[in-house]
Amino acid sequence: MKKLVNDVDDLLMDSLRGFVKAHRDLVTLNEQPAFIARSENASQGKVALVSGGGAGHEPLHAGLVGKGMLDAACPGQIFTSPTPDQMMAAAEQVDNGAGVLFIVKNYAGDVMNFEIATEMFDGESASVLVCDDVSLPADHSTGRRGVAGTLIVEKIVGAAAEMGATLSECQTLGERVNKATASIGVALTSCTVPALGKPTFEIIEEEMEFGVGIHGERGRETVALKSASEIVTDLASVIETELSITAGQKVLLHINGFGGTPLIELYAVYNLATKYWQARGVEVVRSLVGNYTTSLDMAGCSMTVTLMDKQFIELWDAPVDTASLRW
């Protein structure tokens, strides 16, 4: 294994310290328990947004802390849920008197620990459960996973919170965005978790994994490697069916890299994806391309589509100031 690591056990904290040093104007680090928070608390009366999850998905979530998005992010060890005390401590620090909204990806550990944190937290709180991964059937035993659509929820709800929306309004909005969002991904390689020291799974050059999550696991099926156009069609068709997308609708199109795919390929995929939707009379009104919800060094990408209404568009266009999204 070739990695830029001194000690595997210190990798997370080394990374968090480096991240905060690089963006000290935006964020601060609380080391025990570990969480990233805005360098200056938002004004009183603003709903605070707290999210988090295992490391290895950078820039999600720490890179999305800042004005217009998250107030705090709780990082666990790689692909491991953060602990309830991290979440509670983060919530206590960023609570501005209007309540805390926890944005939770649908994984058993995250759900359980955020629920415990909610019970421990003395202030007013609510939660939004993100489950945008349509590679799994709706009746999957643990529900659909939260993947790249989490960023869309955080961006739109973060803008609403910054504009003064109440806790109840933010929760309802987050649930609406989640319902209007679908994601599915494909992996060309596995990733290598530093503590394991080898790829999570083996895959030959002529194959790919269709319907992967973001923890380096295999997809719902191993299939023959296809051209980019065929891959885009396979991904988009699942989303099209799931969201019942029809001509005349407006969408946000997010092509997300898993960490090991260069931007030249991601933009090529985006180009093909826009052609797919335009051929069906669907208007791509907002776009996002790049590595935002990664799986360490996995090669591959995911497609996320959100059905956009007037409110979603206005909130998406609201300015943010985070390390990974600045507009």
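Here's a check for you: in the range 37-66, which residue that is charged (D, E, K, R) and more than 22 Å from Gly260 (Cα to Cα) is surrounded by the fewest Cβ atoms within 10 Å (Cβ to Cβ)?
If we take residues in the range 37-66 being charged (D, E, K, R) and more than 22 Å from Gly260 (Cα to Cα), then Glu40 is surrounded by the fewest Cβ atoms within 10 Å (Cβ to Cβ).
Residues in the range 115-142 that are within 23 Å of Ile78 (Cβ to Cβ) and either free of Cβ contacts under 8 Å to residues at least 60 places away in the same chain or more than 19 Å from the chain's Cα centre (by Cα) (or both): Glu115, Ile116, Ala117, Leu129, Val130, Cys131, Thr142.
Kindly indicate which of Asn6, Asn41 is over 22 Å from the mean Cα position of the chain (by Cα) and in contact (Cβ under 8 Å) with a residue 24 or more places away in the chain. Spell out how you get there, then give the answer.
Details: Asn6 fails: in contact (Cβ under 8 Å) with a residue 24 or more places away in the chain.
Of Asn6, Asn41, the one residue that is over 22 Å from the mean Cα position of the chain (by Cα) and in contact (Cβ under 8 Å) with a residue 24 or more places away in the chain is Asn41.
Out of Asp85, Asp25, I need the residue that is outside any strand (DSSP E or B) and farther than 22 Å from Ala159 by Cα. Which one? Being outside any strand (DSSP E or B) and farther than 22 Å from Ala159 by Cα holds for just one of Asp85, Asp25, which is Asp85.
The set of residues in the range 67-80 that are crowded, with 24+ Cβ neighbours inside 10 Å and either assigned to a strand (DSSP E or B) or of a type in the set (Ser, Thr, Tyr) (or both) comprises Leu70, Ala72, Ala73, Cys74, Pro75. Among the numbered conditions (1) surrounded by 15 or more Cβ atoms within 10 Å (Cβ to Cβ); (2) in a helix (DSSP H, G or I); (3) basic (Lys, Arg), the only one that Arg17 does not meet is (1).
Of all residues in the range 107-125, those satisfying the criterion of being under 21 Å from Glu169 (Cα atoms) and in contact with a Gly (Cβ under 7 Å, 6 or more places away or on another chain) are Gly123, Glu124, Ser125. Scanning the range 266-291 for residues that are within 28 Å of Thr192 (Cβ to Cβ) and in contact with a Gly (Cβ under 8 Å, 6 or more places away or on another chain) yields Leu266, Gly290, Asn291.
How many of the residues making up the range 43-58 are part of a loop (DSSP other than H, G, I, E, B) and within 21 Å of Val8 (Cβ to Cβ)?
3
Here Met87 meets the list (1) within 16 Å of the chain's Cα centre (by Cα); (2) under 26 Å from Val8 (Cα atoms); (3) aliphatic (A, V, I, L, M) almost entirely, failing just condition (1). Residues in the range 218-268 that are among the aliphatic types (A, V, I, L, M) and in a strand (DSSP E or B): Val223, Ala224, Val251, Leu252, Leu253, Ile255.
Just so you know, all these numbers are worked out from the coordinates, no wet-lab data involved. Treat the numbers as computed from the prediction; the structure is a model and nothing was measured. Here the Cβ is made from the backbone with ideal geometry for all residues, glycine too, and neighbour counts use every protein chain on show.
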